[in-house]
Amino acid sequence: MKIRDGLKLKEIAGEYIVIPLGSLSEEMNVTITLNETGKDIWKSLEENKSKEEIVKLILEKYDVSEEKAQQDVQNFINQMIEKGFIEK
C-alpha cells in the first residue's frame, strides 16, 4: 500500500485534512478530514508501515481491543483505496 503521490496531510485550526496538490487537485476535487486515529494511520502509511505495524501502534496508543484495532485499520485502508487516496 502506498499513499498516492500529490496528497498532503495538513493540520489546519486543529483539524487534520488530506488535500490534493498540483495537477492532482484538478483530478481529485475532494478533501478528507481525519480524526486523531485517522491521522495516526495516515502518517504510518506515509512511513510505509505495514498493516500489522499500524495495528500495533493503535493498540499502544488507544484503549481498544486487538480485534477493534484491526477492524478500524482495515476499514480506513479500504475507504482510502475506494476514494483513490491509496494505491495497492
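What you get for the chain, charging only the Cβ of Lys and Arg (+1) and of Asp and Glu (-1), is a dipole of about 160 debye around the Cα centre.
Taking every protein chain into account, the accessible area of the chain amounts to 64 square angstrom per residue (probe 1.4 Å). Of the solvent-accessible surface of region 3-48, computed with a 1.4 Å probe over protein heavy atoms with every protein chain present, carbon and sulfur atoms account for 41 percent. Stretched out straight at 0.36 nm per residue, the stretch from Leu21 to Glu60 would grow longer than its current Cα-Cα span by 10.8 nm.
Across the options Tyr62, Gly22, Asn48, the greatest Cα extent toward the positive end of the charge dipole of the chain (unit charges at beta carbon of Lys, Arg, Asp, Glu) belongs to Gly22.
Computed 3J(HN,Hα) for region 70-75, one whole-Hz value per residue from the Karplus formula 6.51 cos²θ - 1.76 cosθ + 1.60 where θ = phi - 60°, is 4, 5, 5, 5, 5, 4, glycine and proline marked x. Of the chymotrypsin sites (Phe, Trp or Tyr not before Pro) found in region 1-78, those in coil by DSSP whose Cβ has at most 14 other Cβ atoms within 10 Å are Tyr62. 3J(HN,Hα) couplings calculated from phi for region 20-36 with the Karplus curve 6.51 cos²θ - 1.76 cosθ + 1.60 (θ = phi - 60°) are, in sequence order, x, 10, x, 5, 5, 5, 6, 6, 10, 8, 8, 10, 10, 9, 10, 7, 4 Hz; Gly and Pro show x.
Rounded if a/c is under 1.5, else prolate if a/b beats b/c, else oblate: with a ≥ b ≥ c from the C-alpha gyration tensor eigenvalues square-rooted, which is the chain? Taking the square roots of the gyration eigenvalues as a ≥ b ≥ c, the chain is prolate.
The values are calculated or read from the model by the stated rules, or taken from the named source; none is laboratory data. On a predicted model such as this, the values are computed, not experimentally measured, just so you know. So basically every Cβ, Gly included, is an ideal-geometry build from the backbone, and we count neighbours across all protein chains shown. Quick note on the areas: whole protein, heavy atoms, side chains included, nothing else; ligands and nucleic acids left out. Shrake-Rupley method; radii C 1.70, N 1.55, O 1.52, S 1.80 Å.
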